[in-house]
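S.K.: Following this message is one structure expressed as structure tokens.
The values are calculated or read from the model by the stated rules, or taken from the named source; none is laboratory data. All of these numbers come straight from a predicted model, not from anything done at the bench. As a convention, Cβ positions derive from the backbone with ideal geometry for all residues, glycine included, and neighbour counts pool all protein chains shown. Only protein heavy atoms, including side chains, enter the accessible area calculation; ligands, DNA and RNA are left aside. Shrake-Rupley method; radii C 1.70, N 1.55, O 1.52, S 1.80 Å.
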Amino acid sequence: QVQLVESGGGSVQAGGSLSLSCAASGYTDSRDCMGWFRQAPGKEREGVAAIDSDGSTSYADSVKGRFTISKDNAKNTPYLQMNSLKAEDTAMYYCAVDAQRRFHCTPNRQDYDYWGQGTQVTVSS
């Protein structure tokens, strides 16, 4: 069974940067979509970014230009570099894997099968 463990969360000042990592164990496939999601208090979980096996990426409009998703191809592990952080970025951040083989990956919550436990990101203004 695939297990995902996020790390790198913490508290930062607005305008600062933070990098998240997602350690994967169990079976993963290089063709899988990998994504990052977040959930703020009182809100539904929303997609942040996704990456395809070929490196193509998809971002939510709210983070485009500020966040960058990447992947360690050898370990099939996703990362999220977050720059120019805003208070509204405060949320629990989750990594996820879509076990279905798709032509293009997007951070659509319904598509993802495996989830990490989350790591908290808090941005102070």
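S.K.: Report the gain in length on full extension from Ser56 to Tyr27: 0.36 nm times residue separation, minus Cα-Cα distance, nm rounded to one decimal.
M.R.: 8.2 nm
S.K.: Then there is this: Per residue of region 57-67, in order, report the coupling 6.51 cos²θ - 1.76 cosθ + 1.60 (Karplus, θ = phi - 60°) as ³J(HN,Hα) in whole Hz, putting x for Gly and Pro.
M.R.: Whole-Hz 3J(HN,Hα) from phi for region 57-67: 10, 9, 10, 5, 4, 5, 10, 4, x, 10, 9.
S.K.: Here is a further query. Please compute the Cα-Cα pair-distance distribution of region 34-116 with 5 Å bins starting at 0, giving whole percents from short to long.
M.R.: Pairs per bin, as whole percents: 3, 15, 28, 27, 16, 7, 2, 0.
S.K.: A further question on this structure: Once both labels are modelled 7 Å past Cα along the beta-carbon direction, what's the Glu88-Gln3 spacing in nm?
M.R.: Taking the simple label geometry, Glu88 and Gln3 are separated by 3.7 nm.
S.K.: Could you tell me the largest-minus-smallest coordinate of the C-alpha atoms of region 1-54 on each of the three principal axes, in descending order and whole angstroms?
M.R.: For region 1-54, the Cα extents along the three principal axes come out at 36, 24, 22 Å.
S.K.: Would you mind computing, in nm to one decimal, how far apart the modelled labels at Asn108 and Gln13 are, each placed 7 Å from Cα along Cα→Cβ?
M.R.: Once both label points are built, they end up 4.2 nm from each other.
S.K.: Moving on. Per residue of region 8-14, what does 6.51 cos²θ - 1.76 cosθ + 1.60 with θ = phi - 60° give for ³J(HN,Hα)? Whole Hz please, x for Gly and Pro, Karplus curve as stated.
M.R.: x, x, x, 10, 9, 7, 4
S.K.: While we're here: Top to bottom by accessible area (1.4 Å), largest first, where do Trp115, Trp36 land?
M.R.: Ranked list, largest accessible area first: Trp115, Trp36.
S.K.: Provide the per-residue ³J(HN,Hα) series for region 99-107, in order, calculated from phi with Karplus coefficients 6.51, -1.76, 1.60 and θ = phi - 60°, each as a whole number of Hz, with x at glycine and proline positions.
M.R.: Couplings: 6, 6, 8, 10, 5, 9, 9, 10, x Hz.
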